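Worksheet: the structure to be examined is printed underneath.
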Ligand SMILES: C[S@@+](CC[C@H](N)C(=O)[O-])C[C@H]1O[C@@H](n2cnc3c(N)ncnc32)[C@H](O)[C@@H]1O
Ligand SMILES: Nc1c(NC[C@H](O)[C@H](O)[C@H](O)CO)[nH]c(=O)[nH]c1=O
Ligand SMILES: N[C@@H](Cc1ccc(O)cc1)C(=O)O
Ligand code: SF4
C-alpha cells in the first residue's frame with residue numbers, strides 16, 4: 001500500500017513499524033468470509049479495512065460491499081432497534097502527568113498546587129461536588145454516570161492505599177499529599193461512594209486509573225476492582241485501550257500501561273463480576289494491521305470473559321493535540337476509514353453484540369450514517385463533555401431524547417432507551433407526549449432539558 005507511510009515522524013526522528021498492512025489474503029476471499037459469517041483473521045480484517053491491499057487507496061465500490069455486509073450482519077444480530085442511554089459524564093479531575101500525545105484533556109498537576117499563582121483551565125472536584133452534580137442529573141432523569149479522570153498525584157484507592165503511599169520512600173510513585181493542592185480529590189473509593197446516589201449505574205475506573213489506584217502496592221487488579229465494586233462501582237470503561245499494540249503505544253502514549261497490563265486489568269474486572277465496554281482510538285499514527293490486531297485482542301478478551309457489552313470506536317480528534325502540533329500526524333481518520341472501521345468491527349467482533357456510533361466523534365449526520373454501516377447504539381445524553389472538546393471537537397455536549405427520537409426515526413429505525421448493560425430496553429413512541437427517560441429510578445418521562 002504505497003499510500004500508507006512506512007514510518008511515522010517523532011520529535012526525535014522517525015519510527016519504523018514492524019507491523020505492516022500487507023497480507024497473503026485477497027479482498028474477495030475476505031469479503032466472502034465476512035458475508036458467510038466465517039470467523040475473520042487479522043489478514044482478512046486488513047483486506048477489508050484497506051478495501052484490498054492489491055490496490056492503492058480506497059476502492060469505493062469495494063467499500064460499499066464491506067458496509068453492506070456489516071449492515072446485514074447488524075440486522076441479523078440485533079435487528080432494527082437503535083439504542084441510547086440517559087447518562088451523565090462527570091469527570092473528577094484534569095490533573096495528569098502521564099503525557100499521552102493524543103490528549104489535550106490533561107493539565108500538568110503542578111498547576112493545581114496551592115502555591116501556584118497563575119490561572120489554568122483545569123479542574124478538580126471534591127467528592128461532595130461530584131455528589132451534587134450527580135444528584136442534579138439524577139433529578140433530571142439520568143441513570144448512568146460515566147466518570148473518567150486524569151491521574152492526579154494525590155489520588156489513592158482508599159485510606160489504606162494512602163497510608164502506603166504516604167510512608168513509602170520510593171520516589172517513583174507519582175504521589176503527593178492532598179495538602180499540597182488547592183483542592184482535594186480524596187480517594188477513588190470516596191469519589192465512587194459520593195457519586196453512587198440512588199440506584200445510579202456507575203461506569204468508571206479505566207485500566208489506566210486502576211493502575212494508578214494500585215501503584216506502590218502488590219495488590220492485584222482483582223483486589224483493586226473488588227474494593228471499588230464494594231464502594232459502588234458497577235462497570236468499567238474500556239478506554240485507555242487506544243491501540244493495543246505496543247509499538248504504537250510507545251509512540252502515542254509511552255507513559256501508559258502496555259497492552260498486556262491493560263488486558264490483565266480488564267480480565268480482573270470481569271473476574272470480580274464487573275461488566276465492561278471496549279474501545280479503540282484510531283486515526284493517528286497506526287496502520288490497518290494495528291487496527292486489525294487490536295480487534296483480535298478485544299475478540300480474544302471477550303472469548304475469555306464474556307463481559308464486554310459494547311465496542312466503541314473513538315476516532316482521533318487531532319486539532320489541539322501534541323501529535324498534531326508536533327507534526328507527527330496531519331489529521332485524523334478520513335470518513336472512508338471511519339465507516340470501514342465501524343463495519344469491520346461489526347464483522348470481526350462476532351462475540352460482541354453492540355457497536356456504538358459516537359456522536360461526540362462523528363456528529364449527527366455521520367453518526368446516523370454509521371448506524372447503516374454496522375453500528376446499532378447511538379451513545380447517550382452525557383450532559384457534559386470535556387475530552388473531545390478540549391482536543392478541538394465541536395459536536396457539542398448533549399443530546400436530548402427528543403433529538404434521538406427524531407434522528408433515529410428519520411432513518412427508519414426504532415429508537416430504544418436502554419440500560420447500561422442493555423438488559424432493560426424501552427422502545428420509544430416518537431409521537432408520545434412525554435419524551436424523557438423512563439428506565440431510571442427518578443426517570444419519569446420528563447425531558448432532560450427543553
Ligand atoms: C482522556 S482519558 C481519561 C481517563 C484516563 N486518564 C485514561 O487515560 O484512561 C480517556 C480516553 O479519552 C480518549 N481520548 C483522549 N484524547 C482523545 C482525542 N484527542 N481524540 C479521541 N479520543 C481521545 C482516549 O481513548 C483515552 O483513553
Ligand atoms: N459515555 C460515552 C462517551 N462520553 C464522552 C467521553 O467522555 C469523551 O469525552 C470522549 O468520548 C473521549 O474520547 N463518549 C463516547 O464516545 N461513548 C460513550 O459511551
Ligand atoms: N468517556 C469515554 C468514552 C467512553 C467511555 C465509556 C465507554 O464505555 C465508552 C466510551 C472516554 O473515556 O473516552
Ligand atoms: S489520556 Fe488519560 S492518562 Fe493520558 S494524558 Fe490524557 S488523561 Fe492522562
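The values are calculated or read from the model by the stated rules, or taken from the named source; none is laboratory data. What you are looking at is a predicted structure, and each value in this text was computed from that prediction instead of being measured. Virtual Cβ from ideal backbone geometry, glycine too; neighbours counted across all protein chains shown.
Structure data summary
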{"read-out": "Members of the range 363-382 that are buried (at least 21 other Cβ atoms within 10 Å of the Cβ) and either over 18 Å from the mean Cα position of the chain (by Cα) or more than 16 Å from ligand 1 (Cβ to nearest atom) (or both)", "value": "371, 373, 374, 375, 376, 377, 378, 381"}
{"read-out": "Scope the range 109-123; condition within 14 Å of ligand 1 (Cβ to nearest atom) and surrounded by fewer than 23 Cβ atoms within 10 Å (Cβ to Cβ); matching residues", "value": "122, 123"}
{"read-out": "Identity of the residue in the range 386-412, over 18 Å from the mean Cα position of the chain (by Cα) and farther than 24 Å from residue 143 by Cα, that ends up surrounded by the fewest Cβ atoms within 10 Å (Cβ to Cβ)", "value": "412"}
{"read-out": "Failed item in (1) in contact (Cβ under 8 Å) with a residue 40 or more places away in the chain; (2) within 9 Å of ligand 2 (Cβ to nearest atom); (3) surrounded by 21 or more Cβ atoms within 10 Å (Cβ to Cβ), with residue 360 passing the rest", "value": "(1)"}
{"read-out": "Leading residue by the ranking (nearest to residue 432 (Cα to Cα)) among those in the range 375-414 that are more than 16 Å from ligand 2 (Cβ to nearest atom) and in contact with a strand residue (DSSP E or B) (Cβ under 6 Å, 6 or more places away or on another chain)", "value": "405"}
{"read-out": "Matching entry among 91, 29 (being modelled with pLDDT of 95 or more, touching a helix residue (DSSP H, G or I) at 6+ places or on another chain (Cβ under 8 Å), more than 23 Å from residue 293 (Cβ to Cβ) and not in a strand (DSSP E or B))", "value": "91"}
{"read-out": "Those residues of the range 137-171 which are at pLDDT below 95 and closer than 23 Å to residue 116 by Cβ, in sequence order", "value": "171"}
{"read-out": "Condition broken by residue 169, with the remaining ones in (1) in contact (Cβ under 8 Å) with a residue 12 or more places away in the chain; (2) farther than 30 Å from residue 438 by Cα satisfied", "value": "(1)"}
{"read-out": "Some residue of the range 59-82 being within 16 Å of ligand 2 (Cβ to nearest atom) and either on the phi > 0 side of the Ramachandran plot or surrounded by 15 or more Cβ atoms within 10 Å (Cβ to Cβ) (or both)", "value": "yes"}
{"read-out": "Hits in the range 139-162 - residues which are more than 16 Å from ligand 4 (Cβ to nearest atom) and either without any contact (Cβ under 8 Å) to a residue 24 or more places away in the chain or buried (at least 22 other Cβ atoms within 10 Å of the Cβ) (or both)", "value": "141, 142, 143, 144, 145, 156, 157, 160, 161"}
{"read-out": "For residue 177: the one exception among (1) under 16 Å from residue 95 (Cβ atoms); (2) buried (at least 18 other Cβ atoms within 10 Å of the Cβ)", "value": "(2)"}
{"read-out": "Single match in 273, 232 (criterion: surrounded by fewer than 21 Cβ atoms within 10 Å (Cβ to Cβ) and either closer than 24 Å to residue 162 by Cβ or in contact with a helix residue (DSSP H, G or I) (Cβ under 6 Å, 6 or more places away or on another chain) (or both))", "value": "232"}
{"read-out": "Strands (runs of 3 or more DSSP E) (entirely within the range 351-450) containing at least 2 residues that are in contact with a helix residue (DSSP H, G or I) (Cβ under 8 Å, 6 or more places away or on another chain) and either at pLDDT below 95 or within 13 Å of residue 82 (Cα to Cα) (or both)", "value": "377-380, 414-418"}
{"read-out": "Qualifying residue in the range 109-120 (condition: without any contact (Cβ under 8 Å) to a residue 24 or more places away in the chain, within 16 Å of ligand 4 (Cβ to nearest atom), touching a helix residue (DSSP H, G or I) at 6+ places or on another chain (Cβ under 6 Å) and within 30 Å of residue 177 (Cα to Cα))", "value": "yes"}
{"read-out": "Residue 344 surrounded by 21 or more Cβ atoms within 10 Å (Cβ to Cβ) and part of a helix (DSSP H, G or I)", "value": "yes"}
{"read-out": "Any hit, the range 74-84, residues being within 16 Å of ligand 3 (Cβ to nearest atom) and either over 30 Å from residue 389 (Cα atoms) or out of contact with any strand residue (DSSP E or B) (no Cβ under 7 Å at 6 or more places or on another chain) (or both)", "value": "no"}
